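**Q** Pasting a structure here, questions to come.
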């Protein structure tokens, strides 16, 4: 087993065929086929279904491990380079969209100033889609909702945030600064679908309070939900970071009392060491949360 074989398999998995993999690797198709075949013989398993070009179950397992191997090799190169010069290399980070609004601009500014040779790749997605990417090695770090149930992932707390209601102009809650959870009983609301972490948490707390949250519409995507509320479609319950605090004639930000704050943390794989670029990125991110988190309404840093 060698790196050429693993790279050939990864290329087929990522590009969908042996011919496309060959083009991506700047080689001929016969070389890709040979590398994959040798790997299959060594492992005693078929990794790619030749009829469909899809990975077999065994192939999925090998590709997942191969991505981690490639990530460790990239980290090795970056770590050695950092011993002789300033930190250089790539870091891949996932961020939940609502948090990215206030966190990423300041974060990127500091990274550019302090570590100009670090190439930052940011993936904006939900926690449920970021965790598998983190586990597979496609991401180095991820800012996600807590808690995390994956035994292979660990997370450190960054901040908690309040729940707020975006009340469009003309709604009964538009003139309010805050309200109690039980006042939302039976009020049509824009909510995320059941099965998402944020919605399930709301429903659980509503049941504990003896009330029912009534969906006006279920929107899979917090930023889209907030956008609909901003445009007057209806009131929506969102985390504080989804509703920037500013004077606005079209909608009002109303704090909802009686709900536990949403916890947000920085997640990484339990196994393996962070590369030098990932370590400096983590340090800058923590600094931004510690310094700027207190200036964001509804954000409460929980760093040690």
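The values are calculated or read from the model by the stated rules, or taken from the named source; none is laboratory data. None of the values given here were measured: they were computed from a predicted structure. Cβ: placed from backbone, ideal geometry, glycine included. Neighbour counts: every protein chain shown.
**Q** Within the stretch 161-196, can you find the residues that are in contact with a strand residue (DSSP E or B) (Cβ under 9 Å, 6 or more places away or on another chain) and on the phi > 0 side of the Ramachandran plot?
**A** 186
**Q** Also: Criterion first (more than 28 Å from the chain's Cα centre (by Cα), closer than 24 Å to residue 297 by Cα and either at pLDDT 90 or above or in a helix (DSSP H, G or I) (or both)) does residue 174 satisfy it?
**A** Yes: the conditions hold for residue 174.
**Q** Tell me which residues, restricted to the stretch 1-19, are surrounded by fewer than 18 Cβ atoms within 10 Å (Cβ to Cβ) and in contact with a helix residue (DSSP H, G or I) (Cβ under 6 Å, 6 or more places away or on another chain).
**A** Answer for the stretch 1-19, where residues must be surrounded by fewer than 18 Cβ atoms within 10 Å (Cβ to Cβ) and in contact with a helix residue (DSSP H, G or I) (Cβ under 6 Å, 6 or more places away or on another chain): 1, 4, 15, 19.
**Q** Can residue 296 be described as surrounded by fewer than 21 Cβ atoms within 10 Å (Cβ to Cβ), within 30 Å of residue 173 (Cβ to Cβ) and more than 18 Å from the chain's Cα centre (by Cα)?
**A** yes
**Q** For the stretch 119-128, give me each residue that is surrounded by 14 or more Cβ atoms within 10 Å (Cβ to Cβ) and either assigned to a helix (DSSP H, G or I) or out of contact with any helix residue (DSSP H, G or I) (no Cβ under 8 Å at 6 or more places or on another chain) (or both).
**A** Within the stretch 119-128, 127 is the sole residue that qualifies.
**Q** Going through the stretch 6-44 one residue at a time, which ones are closer than 20 Å to residue 68 by Cα and more than 31 Å from the chain's Cα centre (by Cα)?
**A** Residues satisfying the conditions are 35, 36, 39, 40, 42, 43.
**Q** Let me ask you something else. Quick one: is residue 223 in contact with a helix residue (DSSP H, G or I) (Cβ under 9 Å, 6 or more places away or on another chain), surrounded by fewer than 20 Cβ atoms within 10 Å (Cβ to Cβ) and outside the structural domain of residue 145 (by TED's automatic domain parsing)?
**A** So residue 223 passes the test.
**Q** Would you please list the contacts, defined by Cβ atoms under 8 Å and residues six or more apart or on different chains, that run from a residue in the stretch 132-154 that is on the phi > 0 side of the Ramachandran plot and not assigned by TED's automatic domain parsing to the domain that holds residue 10 to a residue that is assigned to a strand (DSSP E or B) and surrounded by 15 or more Cβ atoms within 10 Å (Cβ to Cβ)?
**A** Close Cβ pairs (under 8 Å, with a partner that is assigned to a strand (DSSP E or B) and surrounded by 15 or more Cβ atoms within 10 Å (Cβ to Cβ)) amount to 137/269.
**Q** Next question. Which of the numbered conditions does residue 156 fail, given that it passes all the others? Conditions: (1) touching a strand residue (DSSP E or B) at 6+ places or on another chain (Cβ under 8 Å); (2) surrounded by 16 or more Cβ atoms within 10 Å (Cβ to Cβ).
**A** Exception for residue 156: condition (2).
**Q** Inside the stretch 159-178, can you point out the residues that are touching a residue at least 24 places away in the same chain (Cβ under 8 Å) and surrounded by fewer than 18 Cβ atoms within 10 Å (Cβ to Cβ)?
**A** 169, 170, 174, 175, 176, 177, 178
**Q** Based on this model, can you work out whether residue 207 counts as loosely packed, with under 14 Cβ neighbours inside 10 Å, more than 21 Å from residue 134 (Cα to Cα) and outside the structural domain of residue 143 (by TED's automatic domain parsing)?
**A** So residue 207 passes the test.
**Q** Only one residue in 28, 62 is over 30 Å from residue 289 (Cα atoms) and surrounded by 15 or more Cβ atoms within 10 Å (Cβ to Cβ). Which one?
**A** 62
**Q** Just give me the residues in the stretch 142-162 being over 13 Å from residue 264 (Cβ atoms) and assigned to a strand (DSSP E or B), in sequence order.
**A** 153, 154 - these are the residues of the stretch 142-162 that are over 13 Å from residue 264 (Cβ atoms) and assigned to a strand (DSSP E or B).
**Q** For residue 269, which of the numbered conditions (1) at pLDDT below 95; (2) more than 25 Å from the chain's Cα centre (by Cα) fails to hold?
**A** (2)
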